[in-house]
Amino acid sequence: MIRVDFAKLRILVVDDNAHMRRIVRTLLHGYGSREVYEAEDGAAGLEMFTTHLPDIIIVDWAMPIFDGVELTRMIRRPDSGMNPYVPIIMLTGHSEKSRVIRARDAGVTEFLCKPISAKALHQRLLNCVLNPRPFIKTRDYFGPDRRRSTSNTYSGPERRSKNDAYVQDAAQLRLRESVVS
């Protein structure tokens, strides 16, 4: 059985609702996480990201200054000098299909709707650690592969071009190796 040592993970929770941050922090502590950082808006989240270098970010959609989608786009810029490969879990009460697609297209790794359950959050965290998605770099997008499964038989207009590149970062591999036993 694969075990993840959550005590080795640094997790940043960015949400403008202090009550929701407390709930998420309590769940994370229940999984064994000890380094949980919190930010109350997108600007503070970006600052905490650059100073604490978290392994995983959990971000709300609707926040002051800039929202979770804007924060994700800032983090996913490969030229930013930060870790653009960090897994980002969008935790939001906005579950409309259009918002899920916008979050995916911004580079969100996992999507989780409020109200949350301990099991659902745990599963998203495990997905980030145990099944890191390869990153794609195209002219218009840099982030985790938006496709959950691949099909060699698809030849439609949205087929990935030969010029699109899969990118794997060593930090993604180290994250898994450092917390899995």
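Annotation: amide H-H contacts under 5 Å for Asp5 (H modelled 1.01 Å from N, sequence separation of 5 or more, or interchain): Val180, Ser181. Are there trypsin sites (Lys or Arg not before Pro) in region 31-80 that DSSP puts in a loop and that have at most 13 other Cβ atoms within 10 Å, and which ones? Here the trypsin sites (Lys or Arg not before Pro) that fit, given the DSSP loop and packing criteria, are Arg34.
Computed from backbone phi, the HN-Hα couplings of region 77-86 come to 5, x, 9, 6, x, 8, 8, x, 8, 4 Hz, rounded to whole numbers (Karplus: 6.51 cos²θ - 1.76 cosθ + 1.60, θ = phi - 60°; Gly and Pro given as x).
Residues whose amide H falls under 5 Å from that of Phe111, counting only those 5 or more places apart or on a different chain, are Met90, with hydrogens built in the peptide plane. Site pair Asp140 and Val180 shows an inter-label distance of 3.3 nm when each label is modelled 7 Å from Cα along Cα→Cβ.
With θ taken as phi - 60° and the Karplus curve 6.51 cos²θ - 1.76 cosθ + 1.60 applied, the whole-hertz 3J(HN,Hα) list for region 2-10 is 7, 10, 9, 8, 5, 5, 8, 9, 9 Hz, x standing for glycine and proline. Among Glu38, Glu47, the ranking by other beta carbons within 10 Å of each residue's beta carbon, starting with the fewest, stands as Glu47, Glu38. Annotation: average projected area of region 33-99 is 4.9 square nanometres, based on the convex hull of Cα atoms across all directions.
The simple spin-label model puts a point 7 Å past each Cα toward its Cβ; for Arg3 and Ala44 those points are separated by 3.6 nm. Close amide-amide hydrogen proximity is noted between Val13 and Tyr37, Glu38, Ala39, Ile58, each under 5 Å apart and 5 or more residues distant or on a separate chain (H modeled in the peptide plane; Pro and chain starts excluded).
Here, each number is a calculation from the coordinates, and none is a lab measurement. What you see is a predicted model; the values in this text were computed from it and never measured. Counting neighbours? That spans all protein chains shown, and the Cβs are built from the backbone with ideal geometry, glycine included.
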